[in-house]
């Protein structure tokens with residue numbers, strides 16, 4: 001689960017970058033602590049690839065999982081084998097981890 005991964009990263013036991021592929025206005029409404037915003041469009045046009053670390057695992061998320069799955073296909077196609085996406089997205093995160101956060 002993402003919560004466990006984030007706790008492990010904070011404790012220095014894991015190393016990855018969490019990327020939110022939603023749009024900036026969605027990110028402003030609610031975000032997962034420690035997530036970096038790179039909208040899906042930047043993956044589709046290729047400009048996101050230069051922002052990705054080559055030495056850390058990549059975890060992608062969006063609102064429910066569809067956009068992060070699209071971005072994951074681009075990332076995998078570019079040769080990043082250690083990349084995954086979070087099914088359920090931020091709505092699942094809010095439901096399971098931070099129920100006080102706003103939904104949209």
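The values are calculated or read from the model by the stated rules, or taken from the named source; none is laboratory data. No experiment lies behind these values; they were computed from the predicted model shown. Positions of Cβ are backbone-derived with ideal geometry, glycine not excepted, and every protein chain shown enters the neighbour counts.
Data table
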{"item": "Positions within the stretch 74-86 being exposed (fewer than 13 other Cβ atoms within 10 Å of the Cβ) and in contact with a helix residue (DSSP H, G or I) (Cβ under 9 Å, 6 or more places away or on another chain), in sequence order", "result": "none"}
{"item": "Test: residue in the stretch 66-73 that is in a loop (DSSP other than H, G, I, E, B), in contact with a helix residue (DSSP H, G or I) (Cβ under 7 Å, 6 or more places away or on another chain), over 22 Å from residue 12 (Cα atoms) and at pLDDT 95 or above", "result": "no"}
{"item": "Residue check, residue 4 touching a strand residue (DSSP E or B) at 6+ places or on another chain (Cβ under 9 Å) and surrounded by fewer than 18 Cβ atoms within 10 Å (Cβ to Cβ)", "result": "no"}
{"item": "Breaking point among (1) within 14 Å of residue 1 (Cα to Cα); (2) touching a residue at least 40 places away in the same chain (Cβ under 8 Å); (3) surrounded by fewer than 16 Cβ atoms within 10 Å (Cβ to Cβ), for residue 94", "result": "(3)"}
{"item": "Residues being outside any loop (DSSP other than H, G, I, E, B), at pLDDT below 95 and touching a helix residue (DSSP H, G or I) at 6+ places or on another chain (Cβ under 9 Å) - total across the stretch 1-23", "result": "2"}
{"item": "Tally of residues being over 12 Å from the mean Cα position of the chain (by Cα) and either without any contact (Cβ under 8 Å) to a residue 24 or more places away in the chain or not in a loop (DSSP other than H, G, I, E, B) (or both) across the stretch 24-45", "result": "10"}
{"item": "Hits in the stretch 56-69 - residues which are under 13 Å from residue 83 (Cβ atoms) and free of Cβ contacts under 8 Å to residues at least 40 places away in the same chain", "result": "69"}
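Per-residue answers, yes or no, for (1) closer than 20 Å to residue 99 by Cβ; (2) out of contact with any helix residue (DSSP H, G or I) (no Cβ under 6 Å at 6 or more places or on another chain); (3) at pLDDT 95 or above:
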site	(1), (2), (3)
29	yes, yes, yes
36	no, yes, yes
39	no, yes, yes
43	no, no, yes
47	no, yes, yes
51	no, yes, yes
63	yes, no, yes
